Amino acid sequence: MNTKLGSIRRLLAVGGVGLAAAIALSGCGILEDAGSDTDSTDVSGDQVDAVADAAAGDCLPYEVLSDDPAVFDVDCSGADAFWSITNIVADPGLTAAGGDLTDTQAIYDTCGEEVGAYLPGKPWTDWNMIYDVTTGNVDYLFCIEALDQPNAEGKTPVTPDTGSCMSSTDTEWYQVDCADATADTTVTEAVTFDTADWAAPDVEGAAAACAGVYYELSDQFGRTSGILCVE
């Protein structure tokens with residue numbers, strides 16, 4: 001697949017999962033993650049073949065692309081399982097420009113309008129694709145949702161809600177057990193906006209409900225689904 005002349009080199013999207021704008025995908029973070037190394041998104045021929053058999057319910061690691069060049073999905077009961085595929089479409093008739101899709105509606109049509117948004121109390125969601133770096137043709141577009149379970153560090157990929165605890169050192173919206181030593185921030189109130197208002201919500205008005213510090217729940221598409229009042 002990576003021979004020199006006329007090679008068909010396929011990559012994982014560099015703007016889809018990496019959470020909320022983060023994870024060579026895109027997606028979730030108190031702070032936006034730095035761009036990932038493009039080389040780390042190379043998809044092997046075996047992985048491309050394996051994607052053909054992937055289906056909703058299959059699991060993927062946090063980085064989305066397995067370190068094993070012969071494997072695409074991973075055992076859902078394994079320690080490395082982080083995401084669950086909720087939908088996958090082959091040959092969606094889309095073209096990636098610069099490793100991204102400029103037509104976000106195509107993503108919403110496949111994954112739902114709430115994909116990538118940070119919704120208090122709900123697991124992270126994201127999308128990604130495998131595409132031909134030469135032509136930009138998208139081979140597969142897929143939607144993912146984080147498994148509602150703690151990772152090896154005891155952090156759960158669920159957007160904090162009222163009463164939830166989190167760590168101020170995290171750059172993604174993890175929930176942390178309030179008894180954990182890293183849990184130094186508590187959500188006193190989670191305020192959500194109507195979907196129709198995500199593009200231009202009244203953040204200042206909502207922030208009036210906060211006694212002090214608050215965070216905006218902004219996603220990779222520039223939408224703000226709510227705010228978290230914290231102490």
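At-a-glance table
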quantity	calculated
Options GLU204, GLU216: the member that is free of Cβ contacts under 8 Å to residues at least 12 places away in the same chain and of a type in the set (D, E, K, R)	GLU204
Residue check, ALA199 at pLDDT below 95, more than 19 Å from LYS122 (Cα to Cα), among the aliphatic types (A, V, I, L, M) and not assigned by TED's automatic domain parsing to the domain that holds LYS122	no
Scope segment 56-90; condition outside any strand (DSSP E or B), in contact with a strand residue (DSSP E or B) (Cβ under 7 Å, 6 or more places away or on another chain) and in contact (Cβ under 8 Å) with a residue 24 or more places away in the chain; matching residues	ALA56, GLY57, ASP58, VAL64, LEU65, CYS76, ALA81, PHE82
Boolean, ASP109 is outside any loop (DSSP other than H, G, I, E, B) and not assigned by TED's automatic domain parsing to the domain that holds LEU217	yes
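The values are calculated or read from the model by the stated rules, or taken from the named source; none is laboratory data. The structure presented is a predicted model; accordingly, all values stated were derived computationally and were not measured. Ideal geometry is used to build each Cβ from the backbone, glycine not excepted, and the neighbour counts take in all protein chains shown.
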